[in-house]
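The values are calculated or read from the model by the stated rules, or taken from the named source; none is laboratory data. All of these numbers come straight from a predicted model, not from anything done at the bench. Heads up, the Cβs are rebuilt from the backbone with ideal geometry, glycines too, and the neighbour counts pull from every protein chain shown.
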Amino acid sequence: MNRFANFFILISLGILAPLCWSADTLLQIYKVSLRNDSELLAAQAEYLAKTESKNINRAALLPNIDAIGTYSENEWKGSSTSVLGQSSIFGRKGNTDQDKKSYSITLSQPIFNLPAWFSFQQGKELSYEAQLQFSANQQSFILRCADTYYGVLRARETLESTIAEEEAIRDQLDQAKKRFEVGLTPITEIHETKAAYDNAQVKSLEATAALDIAFEGLTVLTGQPHEKLVGLATGFPIIKPEPLGREAWVQFALANNFSLKAARHARDAAAQNAKSKKYEHLPKLTGSISYYDDRSDSYFMGTDLQTNTTFSSPSESSSLGYSTGVEISVPIFTGGLISAERRQAMQQSLQLKAVWVGKKRSIAQQTKSQHLQVFTNVARVQAREQAVGSAKSVLTSTEESYEAGTRNIADVLIAQRSLYQAKRDYADSRYDYIDSLLRLKEVSGQLSPKDLIELNNWLDPEIIVMKSAHQ
């Protein structure tokens, strides 16, 4: 958590972000998203809520102080009589007003409550789980920022390549028409080229829409519209991850993956809960001490039944004192509740233990796959770059053969399509490499804002990526 917090502070202050670029950079998108991304804000609120589990469960072990104050006013009418012999009647009747005030304060302290102790241990584990899960959510957020940003750059390069292909085919169509007018080519070449040109126009429309949709993805992150981004430098290095050994990455991931560590604490929390439910049948011992102050004032106004005279009788009472005691409670029969909860907690503990084992295996497999993917993408970038050069050579030789009459227009169109597809594949391979490298760092628990800072340093302010509406 600390390394994330440190970078958040630096980024919030704007120390690490270049201020001279008019277009948005990866780091600027990240800064704005920190304050506006709904998924991250929801994850933060969930984290803060779950960290209270330790405090909530600890409360059952700490002293409990209750203060009670009451005040009441009572009024009633009544009479009381007694008869002695045939002519002697004693008693009274009338109205009584009474005011009562009482105050008490009670301190109670659990002395022996084993289930509460294990519940407290469960709360600590749940708080640790929440902290680690939020770290995992922060890594996922970093990955989403990078994916969304580079998704725009990828879409832009696809559009540029598609437009270039469309223009090249349009030039080829104009040339075919001129050659047909002078009788050098048949009409079929015009039809073939026109069909290829129509298809290229459709691809351009699709690529244009894809670029605008990719820009909208940034708005989902930041809650703000974005018009221009800084593009990736052509000299971005494609290197293999260190260390090279796959097993070293697996061991590092098993020790540092945030989701795996969170699952371990969830497993331990369930185990503590099972212990708590197991000991619910034990006695609970609680000590208490109370201080109280009770006061009562009453006023009687009525008639003496013997003398038939009116009189009043005020009275008051008060008591002040304290009491101490120890209470022991033993649940003898609860309708099967304790046994059912004990069995339920045990099965939940077994469930989360199995989840942890499964996640551990999954993390090991993901690490191996991502490590292999990075190495594969390094080779793909190199191969795609060579493929672009080869496709250029093929197109040049095909065009020369076409001019010499040994190739037809279909061969030229195929060579052009291969060249531009090779360019798109090369651009995709660079972004695939970045994505796989970030995912390898995520699964191994290494991904942090520092990685975005390093990627941001490889943006070229001379390369501006804009929405298609501005082209």
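What number of residues within segment 346-371 satisfy the criterion of being within 24 Å of A274 (Cβ to Cβ) and of a type in the set (S, T, Y)?
To start, the set of residues in segment 346-371 that are within 24 Å of A274 (Cβ to Cβ) comprises 346-361.
Imposing the further condition that a residue be of a type in the set (S, T, Y) reduces the set to 349.
Here the count works out to 1.
Just checking, does segment 94-102 include any residue being over 30 Å from G69 (Cβ atoms) and modelled with pLDDT under 95?
Our first condition is that a residue be over 30 Å from G69 (Cβ atoms); within segment 94-102, this holds for 94.
Still in the running and modelled with pLDDT under 95: 94.
Yes, segment 94-102 has at least one match.
Cβ-Cβ below 9 Å, separation at least six or inter-chain, first residue in segment 245-258 and over 9 Å from G445 (Cβ atoms), second basic (K, R) and assigned to a helix (DSSP H, G or I): which pairs?
R246/K368; E247/K368; W249/K368; V250/K368; L254/K360
Would you confirm whether or not segment 300-308 contains a residue that is free of Cβ contacts under 8 Å to residues at least 12 places away in the same chain and over 35 Å from the mean Cα position of the chain (by Cα)?
yes
What residue, among those in segment 324-343 that are in contact (Cβ under 8 Å) with a residue 24 or more places away in the chain and assigned to a loop (DSSP other than H, G, I, E, B), is surrounded by the fewest Cβ atoms within 10 Å (Cβ to Cβ)?
Taking segment 324-343 as the starting set, the residues that turn out to be in contact (Cβ under 8 Å) with a residue 24 or more places away in the chain are 324-331, 338, 341-342.
From what's left, assigned to a loop (DSSP other than H, G, I, E, B): 330-331.
Details: V330: 8, P331: 12.
Result: V330.
How many residues does segment 362-379 hold that are crowded, with 21+ Cβ neighbours inside 10 Å and basic (K, R)?
0
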